[in-house]
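Notes follow the structure.
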Amino acid sequence: DFVEEPIDAPVAEEAAAAAAAEKPETGETTPVTFLFYKLNTKGNPVLSRVRRDLAEDKSDLKSMVSQLIKGPTIGEQDKDYIDSFIRKPRILGAGVESGCGFVNFDSSFGAGVSYQTLRFQIQQIFRNMEAWKGVHCLELRVRGKHSSHLGSDGLYLPKRIDAAWQLGAWNLERAEKGGCSSVCARPQEELECRQAFGEYPALDGASTSWA
């Protein structure tokens, strides 16, 4: 579930320093808040805010989504921010149409990705677009077209994703689709799940929860 947390000041400072080192001395920057996953005190992934100062030529929506997919910087990873996109799809476009955000991916988006990993990726994209543009719906396209099923498990996606659909998807009971360590988890799903979050075991000693 989405949980807002204070911006991590040390990480923000490191990101700002890195951005300053990369941009021309005469360039201007724009502060942008990104949402990346961290583990809460119960060992569950939650979205947490990180501020970055972006050069003007990197602050358009397509570039911002590309940076989101690229994942946390080394400094942010040192602060336990987690990269949910082990496989990196290419962003062909991003914007807002008729009050709804959209992201257009190449054909690698969702390919071979498990249900558990894909749902976290979609939630992360949705919440970032919502924060950046104030939109409350999202269209995910693959090479310009809506794909009704994505991932190795064929997760159903409506043409437009909104908060109500998210709640239904996140709370969907899937006895055969438990956490990384569940007895009934498929080998591929367990691998994807552990690649994304498995290096961070639940802090309470229990199996990681994905509900």
Number of the exception - residue 201 against (1) at pLDDT 55 or above; (2) out of contact with any His (no Cβ under 9 Å at 6 or more places or on another chain): (1)
Out of the residues in segment 71-96 that are touching a Gly at 6+ places or on another chain (Cβ under 9 Å) and polar (S, T, N, Q), state the one that is most open to solvent (accessible area, probe 1.4 Å). 77
Have a look at 54, 47, 68 and point out the one that is within 18 Å of residue 132 (Cα to Cα), modelled with pLDDT of 95 or more and open to solvent by less than 40 Å² (accessible area, probe 1.4 Å). 68
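The values are calculated or read from the model by the stated rules, or taken from the named source; none is laboratory data. This structure is a prediction, so every number in the text was calculated from the model and none was measured. Ideal geometry is used to build each Cβ from the backbone, glycine not excepted, and the neighbour counts take in all protein chains shown. These accessible areas exclude ligands, DNA and RNA; they are computed on the full protein's heavy atoms, side chains included. Shrake-Rupley method; radii C 1.70, N 1.55, O 1.52, S 1.80 Å.
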